[in-house]
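First comes the structure, then the notes that go with it.
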Amino acid sequence: MWGARPVDGPLRPDTIAVTLAGMNAIESIDPVGATCVVQAGAVLQNVQEALAERDLLLPLDLGACGSCTIGGNVATNAGGINVLRYGMMRNLVLGLEAVLADGTVVSSMNSMLKNNAGFDVKQLFIGTEGALGVVTRVVLRVFPRLASRQTAMAACAGFEQVAALLNLMQHELGGTLCAYEVMWNDYFRAHVDSGDHRAPLDKGHAYYVIMESEGSQPASDVAQFGRALESDAEQRLIVDAVIAKSDAERLALWSIRENVEPVLRADVVYLYDVSVPISVMYEYVASIQAALQARWPGSCCFTMGHIADGNQHFFVQPRRAGTTHAECDEIIYSPLKAYGGSVSAEHGIGFEKSRGWLATGARRKWR
């Protein structure tokens, strides 16, 4: 929200906003070298679809794939649901081209996976939100499109089980586990109560986990995934589960996680994207939920996220007239320093998070 505002506050007559929407070409796809060269204005979903026609995969995947651009993904070091297996955007960029403020073109269009000949210039532009230059072209690392995919939603009684389940699934499935998403009860309940989604599981559980694995041997992959879930149940890490049997069922499960509209239906909603170690995640969430209730009794804090990489998203509804964003920022951001967390896991900083960044003590003091 407001991610494209060039200034903090009212727009001035001398304000300049740059759009790269016209630079949207997919310049080349190299199946052998496993690379793809695209212009920065290319929409992520269009790139995904072009690669799929060649049985290739760009694993970056997020709810805004139909509108976000590759340049924006690079500028914010975007993450999404597959970070567990493939890493952030930083891991998917082999090279790039950028234009500096004075018009100088910096070209680092490397297409090799290994290149230790000097400074890795591209890293200066990934995740820095255009502060050093505008990214115009990108060399992406792509992967073979795998033949099988298994998706399940499981319910857990406590966060201890959520963390143990992640550990067990990683051991049982090895490198095939690509997504592990967790929804707190309030987030799940808001979606199924809204009428927008059918409840695949009873809505009385504390946590809901969406797990997904991908492999190249459909028959054995299905069997391995089923055995892993059976092991989870035997160890009482899950209390109930449902496995998607078709693409339609898979999309129905993911839509509960990806469609955020039910938690945005309030006059005031503040969105957050933070990161904390899994070992302190339960304590951190409990502390801010208690602080929100103490400040605004009856407020709601809908919680979900990419828990495997420590990334959480909050949708806070203070439900009190006169509440300011800064007050809510203080509650969410202030504890992060003590927990070793970050005010931004994958959405960048921009103007909106500047105060929170300083509040955590995360900003380095350059002398």
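Each reported figure results from applying straightforward, stated rules to the coordinates on display, with no laboratory input. Worth saying up front: this structure is predicted, and the values here are computed from it rather than measured. All Cβ positions, glycine included, derive from the backbone under ideal geometry; neighbour counts span all protein chains shown.
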For segment 74-87, 3J(HN,Hα) per residue [Karplus equation, 6.51 cos²θ - 1.76 cosθ + 1.60, θ = phi - 60°, Hz, x = Gly/Pro]: 5, 4, 9, 6, 4, x, x, 7, 9, 4, 3, 9, 10, x
For Thr136, distant residues with modelled amide H under 5 Å away: Glu97, Ala98, Val99
Once each part is reduced to its C-alpha centroid, what is the distance from segment 173-204 to segment 310-333 in angstrom? 22
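Out of all Cα-Cα pairs in segment 12-79, roughly what percent, to the nearest whole number, are more than 19 Å apart?
Details: 785 of 2278 pairs.
In whole percent, the share of Cα-Cα pairs in segment 12-79 beyond 19 Å is 34.
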Residue by residue through segment 129-137, what is 3J(HN,Hα) from phi via Karplus (6.51 cos²θ - 1.76 cosθ + 1.60, θ = phi - 60°)? Round to whole Hz and write x for glycine and proline. 6, x, 5, 9, x, 9, 6, 10, 9
Spatial extent of segment 228-269: Rg and Dmax, with the Cα atoms as the point set, Å: 15.2, 45
Residues meeting the amide H criterion for Asp240 (H placed from the backbone, H to H distance under 5 Å, 5 or more places apart or on another chain) are Ala155
Among His205, His191, what is the fewest-to-most ranking by other Cβ atoms within 10 Å? His205, His191
Apply the Karplus parameterisation 6.51 cos²θ - 1.76 cosθ + 1.60, with θ equal to phi minus 60°, to every residue of segment 312-319 and state each ³J(HN,Hα) to the nearest whole Hz, in sequence, with x for glycine and proline. 10, 10, 10, 10, 9, 10, x, 6
Expected 222 nm ellipticity per residue - DSSP helices of 4 or more, -39500 (n - 2.57), all of the chain, to 500: -9000 deg cm²/dmol
Assuming a viscosity of 0.692 mPa s and a temperature of 37 °C, what translational diffusion coefficient in µm² per second does Stokes-Einstein assign to segment 26-144, Rh being the Kirkwood radius over Cα pairs? 232
